[in-house]
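First the structure, in the form of structure tokens, and then the observations on it.
The values are calculated or read from the model by the stated rules, or taken from the named source; none is laboratory data. What you see is a predicted model, and the numbers here were worked out from it, not measured in a lab. Here the Cβ is made from the backbone with ideal geometry for all residues, glycine too, and neighbour counts use every protein chain on show.
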Amino acid sequence: MCGIAGVVLKHPAAAADCVLNMLELIQHRGHDASGIAVFGTSGEGLLRVSLKNELLIDDLRRIVGEFGKMTDERIIEARNSIPIAEIKARLPEDAVRPLHEAINRRHGLCVHSIGNGMRVYKENGNIENLLAKHSIDKSPCRHAIGHVRMATESAEDVNAAHPFISPFYPGLSIVHNGQFTNYFNLRRFLEAKGAIFKTLNDSEAASHLIAYAARESKGDLYEALRWSEERMDGIYCVIAATESQIGFAKDPLGIKPLLLAETDEAVLLGSEQIEFSAAGNGIFAAEMAPGEVRVWDV
């Protein structure tokens, strides 16, 4: 059991705060990790990369320098997890994907987010750990997605926390609740396409699959989710987002809950009715249909 949340605001506002508040209301669904992806950020390209140990920072600097020019760097101390490097860099647009791949090929390094349109923050433990360790960008934006995790099949590793991203389409991020019964088939297919797996979490396979489909569909999130849903076996709900779209896919069996509420000010997605009280009183959500896929432009 995990919990997921997604928000689209009609006007730029505190989307990150809204998602974090929603996640706090469903913390009981997962205490092993928490995370959020915030979209619509601006400025220089920012890399957020986990380091198995701080000695790997020299390798990371070297790899980044092969693709662009670093302008700033800071290391977020490990505390109860592992250190995170935040690096600002001037990157040509066509360098983002190969840089992502190059970093992930290095053992001990894992990209959490890359580019200037999205920031991913994730941490082991409850929301309070996430907020204590990471300075989440809370500038006004229109959409964000988030997750609280109960680890079932893979390690309690911050890299296995959600949201996940993939070099196939670095500007796309997903959160997932459920299990895939064809994980190893998906993994073999994706590795044959060039995917680099950094965890044993089946949700990582979903991120690669949807990102691969998004690349092939030239960024059409609806087509990517529909194509991926036909290839994912199991019980699941996935929320996916890019800088310009957000959507969900629910498995044909309809076992895992996914609720939707639309108000004059927002579109809200979540696992439980209680989440929606974070956005106001009297908001009642409807359960999405088995096999349903829906996408909104942002």
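Identify all residues within segment 191-231 that are within 19 Å of D94 (Cα to Cα), in a loop (DSSP other than H, G, I, E, B) and aromatic (F, W, Y); write none if there are none.
If the condition is that a residue be within 19 Å of D94 (Cα to Cα), in a loop (DSSP other than H, G, I, E, B) and aromatic (F, W, Y), then no residue fits.
Report, ordered by the first and then the second residue, all pairs with beta carbons closer than 8 Å, sequence separation of six or more or different chains, a first member in segment 91-118 that is touching a residue at least 12 places away in the same chain (Cβ under 8 Å), and a second member that is in a strand (DSSP E or B) and among the hydroxyl-bearing types (S, T, Y).
L109/S50; C110/S50; H112/S50; H112/Y121; S113/S173; M118/S173
Yes or no: segment 7-21 includes at least one residue that is in contact with a Lys or Arg (Cβ under 9 Å, 6 or more places away or on another chain), over 18 Å from M118 (Cβ atoms) and either among the basic types (K, R) or not assigned by TED's automatic domain parsing to the domain that holds A285 (or both).
yes
Just give me the residues in segment 142-180 being crowded, with 23+ Cβ neighbours inside 10 Å and more than 16 Å from the chain's Cα centre (by Cα), in sequence order.
F180
Out of segment 167-190, which residues are assigned to a loop (DSSP other than H, G, I, E, B) and not polar (S, T, N, Q)?
Narrowing segment 167-190 to residues assigned to a loop (DSSP other than H, G, I, E, B): 167-172, 181-182.
Within segment 167-190, P167, F168, Y169, P170, G171, L172 qualify.
Considering each residue of segment 42-62, count those that are in contact (Cβ under 8 Å) with a residue 40 or more places away in the chain and buried (at least 17 other Cβ atoms within 10 Å of the Cβ), and give that number.
Here the count works out to 9.
Checking R188 against (1) within 23 Å of L269 (Cβ to Cβ); (2) among the basic types (K, R); (3) at pLDDT 95 or above, which test does it fail?
Just one mismatch for R188, condition (1).
Among the residues of segment 63-86, count how many are assigned to a strand (DSSP E or B), free of Cβ contacts under 8 Å to residues at least 40 places away in the same chain and not charged (D, E, K, R).
Result for segment 63-86: 4.
Regarding V96, is this residue buried (at least 19 other Cβ atoms within 10 Å of the Cβ), over 30 Å from L9 (Cα atoms), at pLDDT 90 or above and not charged (D, E, K, R)?
Answer is no for this residue.
Go through the residues of segment 45-60 one by one and say whether even a single one is touching a Phe, Trp or Tyr at 6+ places or on another chain (Cβ under 8 Å), modelled with pLDDT of 95 or more and more than 21 Å from Q245 (Cα to Cα). Before the answer, list the steps.
Keep residues of segment 45-60 that are touching a Phe, Trp or Tyr at 6+ places or on another chain (Cβ under 8 Å), which gives 48.
Narrowing the set further to residues that are modelled with pLDDT of 95 or more leaves 48.
Subsequent filtering for residues that are more than 21 Å from Q245 (Cα to Cα) retains 48.
Yes, segment 45-60 contains at least one residue that is touching a Phe, Trp or Tyr at 6+ places or on another chain (Cβ under 8 Å), modelled with pLDDT of 95 or more and more than 21 Å from Q245 (Cα to Cα).
Which residue out of I255, I246, I274 is touching a residue at least 60 places away in the same chain (Cβ under 8 Å), more than 19 Å from the chain's Cα centre (by Cα) and outside any helix (DSSP H, G or I)?
Exactly one residue qualifies, and that residue is I255.
Do we have L56 as under 20 Å from A132 (Cα atoms) and assigned by TED's automatic domain parsing to the domain that holds E101 here?
Here the answer is no, as L56 does not meet what is asked.
Any chance you could count how many residues in segment 253-298 are modelled with pLDDT of 95 or more, under 21 Å from H28 (Cα atoms) and of a type in the set (F, W, Y)?
The qualifying residues number 1.
Kindly evaluate H134 against the criterion of being surrounded by 18 or more Cβ atoms within 10 Å (Cβ to Cβ), under 16 Å from the mean Cα position of the chain (by Cα) and under 17 Å from I210 (Cβ atoms).
Details: surrounded by 18 or more Cβ atoms within 10 Å (Cβ to Cβ): yes; under 16 Å from the mean Cα position of the chain (by Cα): yes; under 17 Å from I210 (Cβ atoms): no.
Here the answer is no, as H134 does not meet what is asked.
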